[in-house]
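The values are calculated or read from the model by the stated rules, or taken from the named source; none is laboratory data. These figures come from a predicted structure and were not determined experimentally. All Cβ positions, glycine included, derive from the backbone under ideal geometry; neighbour counts span all protein chains shown.
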Amino acid sequence: MFKVLQKGQLFDSGRRVGAFKIFIVTHTGVHGARQKLRRREHKSAKKIGTRVELDPTATGMDPTATDSVPTRAGSLRVHRWEPSASSSPPPLTVVTVHPWAPLGGSEYNTIGIAREMAAAGLRAVTFNMRSSSMVWGVLSNHSSEVGQVVDVCEWALTTFPDSKVLLLGSSAGAPQAGSALDKVPGIVGYAAVGYTFGWLSSIAFGRHFDALLKSSKPRLLIMGDRDEFTSESQLRSMLQKVKSDTPCESVIYPGCGHFELESPSYDGRVSRTVLEWIENRGLRGRGK
């Protein structure tokens, strides 16, 4: 039976510890493989310490610009993806939040979607979050990561005053993005790719669920019906707990697993789903 763990219930049995280890090993290994696949697609990668960052000076990669953005965790390299030809400023900036770094995630998991958004006339942002350690991140409710998302969103709103922000979180980055949703008034909506609602995931991310469920802003959850961490019944159960009059919508892709959904082959489909939802909800011009 699905259960969201409450504060103080973390690691309350050896069984949960073992399950959590399986969750960690699976996420870390597969996200790492996804990063390698994406890095082979993009030749402008270079290793900086233990992380791989985009090198905007190299050929073969097309972020429009790289900005140094101050955050509470230090300065971050933020990559912007702008429409190639536009006579007016993009009406919406899509701030992407990659899967949690301790589980193998990085901005390489979201740059494909960022390019699709730019091709559709929107601005997109990718960046590598500075993540806390595995255990401290869980115990601190990922406050550092959530704070960085808030800081990048506020920077985007200040730098581009003609554009509102839409948050897009992937996998374990989706709960962290959800916790930032109502912390910045200029964020007009939220989309998640593979939100980790399952009971294993709740060990690490359950304390983020309420922030998403109680928000009154438009929300879209995209998931595969073969997701390894969140079943359709678990997703439906969560949607029944929405605490606002604004619906939290969902799109389920048949025959698709959690990591398949995050692969480059699904970037186009996911982006089309998000763009159609943006149009249907009138988010391009909201808040102006």
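Summary table
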item: Criterion violated by SER263 - all others in (1) touching an Asp or Glu at 6+ places or on another chain (Cβ under 9 Å); (2) of a type in the set (S, T, N, Q); (3) touching a residue at least 40 places away in the same chain (Cβ under 8 Å) satisfied; result: (1)
item: Any pair with Cβ under 8 angstrom, 6 or more apart, that starts in the stretch 175-189 at a residue that is of a type in the set (Val, Ile, Thr) and ends at one that is in a helix (DSSP H, G or I); result: VAL184/VAL150; VAL184/CYS153; VAL184/GLU154; VAL184/LEU157; ILE187/CYS153; ILE187/ALA180; ILE187/LEU181
item: Selection within the stretch 175-204 - among the aliphatic types (A, V, I, L, M), in contact with a Gly (Cβ under 9 Å, 6 or more places away or on another chain) and modelled with pLDDT of 95 or more; result: ALA177, ALA180, LEU181, VAL188, ALA191, ALA192, VAL193
item: First in the stretch 91-115 and closer than 11 Å to SER131 by Cα, second anywhere and among the hydrophobic types (A, V, I, L, M, F, W, C), Cβ under 6 Å, 6 or more apart; result: PRO99/ALA172; TRP100/ALA172; PRO102/MET134; LEU103/ALA172
item: Per-region count, the stretch 66-79, residues over 16 Å from TYR108 (Cα atoms) and assigned to a strand (DSSP E or B); result: 7
item: Test: residue in the stretch 146-158 that is modelled with pLDDT of 95 or more and over 19 Å from the mean Cα position of the chain (by Cα); result: yes
item: All positions within the stretch 138-197 that are assigned to a loop (DSSP other than H, G, I, E, B), touching a Cys at 6+ places or on another chain (Cβ under 8 Å) and hydrophobic (A, V, I, L, M, F, W, C); result: VAL184
item: Members of the stretch 227-261 that are out of contact with any His (no Cβ under 8 Å at 6 or more places or on another chain), over 19 Å from LYS183 (Cβ atoms) and of a type in the set (D, E, K, R); result: GLU232, ARG236, LYS241, ASP245, GLU249, GLU260
item: Residue in the stretch 205-235 that is surrounded by the fewest Cβ atoms within 10 Å (Cβ to Cβ), counting only those that are among the basic types (Lys, Arg) and at pLDDT 95 or above; result: LYS214
item: Residues within the stretch 238-255 that are surrounded by 13 or more Cβ atoms within 10 Å (Cβ to Cβ) and of a type in the set (Gly, Ala, Ser), tallied; result: 1
item: Filtered residues of the stretch 86-106 (kept if outside any loop (DSSP other than H, G, I, E, B) and either more than 17 Å from VAL165 (Cβ to Cβ) or in contact with an Asp or Glu (Cβ under 7 Å, 6 or more places away or on another chain) (or both)); result: ALA101, PRO102, LEU103
